[in-house]
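Written out below as structure tokens is the structure these notes cover.
The values are calculated or read from the model by the stated rules, or taken from the named source; none is laboratory data. Only a predicted model underlies this, so the values are computations on that prediction, with no experimental measurement involved. So basically every Cβ, Gly included, is an ideal-geometry build from the backbone, and we count neighbours across all protein chains shown. For the accessible areas, the whole protein counts, side chains as well, though only heavy atoms, and no ligand, DNA or RNA atoms are used. Shrake-Rupley method; radii C 1.70, N 1.55, O 1.52, S 1.80 Å.
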Amino acid sequence: MKRDVDYNWRLAELMAGHQMHNSTDLIPRLHERGITLSRPQVYRLVHQRPERVSLKLIAALCDIFDCGPEDLVTVTAANARKKAASADRENVVELNKSVRPRRARIVSDDD
């Protein structure tokens, strides 16, 4: 069965939890651990969802925030939904033209 896998990048949340509200606060801490990134790179790392990250960088972030990789990245996976056989006929409802709705008959309470 096919599965849809996605992830959430939670670096900004971890930084806020450690009273780090500016992405440049991360630069010297990364540098202490042998990782040199420019300001724009660190900004993108904090505020955007990265597609590729080195394991050394993940290890450094885990060391900085005293957490595990599962705190930095949360993974979601679900079974993929099967597409309907008539996918090209989006939301088309076949009407039975031989059956017509009847008019409502109003009945008064006086009867």
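Just a few scattered comments:
- Single condition residue 52 does not satisfy, out of (1) open to solvent by 50 Å² or more (accessible area, probe 1.4 Å); (2) at pLDDT 95 or above: (2)
- Among helices (runs of 4 or more DSSP H) entirely within the range 33-74, having at least 3 residues that are free of Cβ contacts under 8 Å to residues at least 60 places away in the same chain and within 17 Å of residue 12 (Cβ to Cβ) singles out 39-47, 55-65.
- When residues of the range 28-49 are limited to those that are open to solvent by less than 50 Å² (accessible area, probe 1.4 Å) and within 25 Å of the chain's Cα centre (by Cα), the one nearest to residue 16 (Cα to Cα): 46
- With respect to the conditions (1) in contact with a Phe, Trp or Tyr (Cβ under 6 Å, 6 or more places away or on another chain); (2) not in a strand (DSSP E or B), residue 15 lacks only one, and its number is (1).
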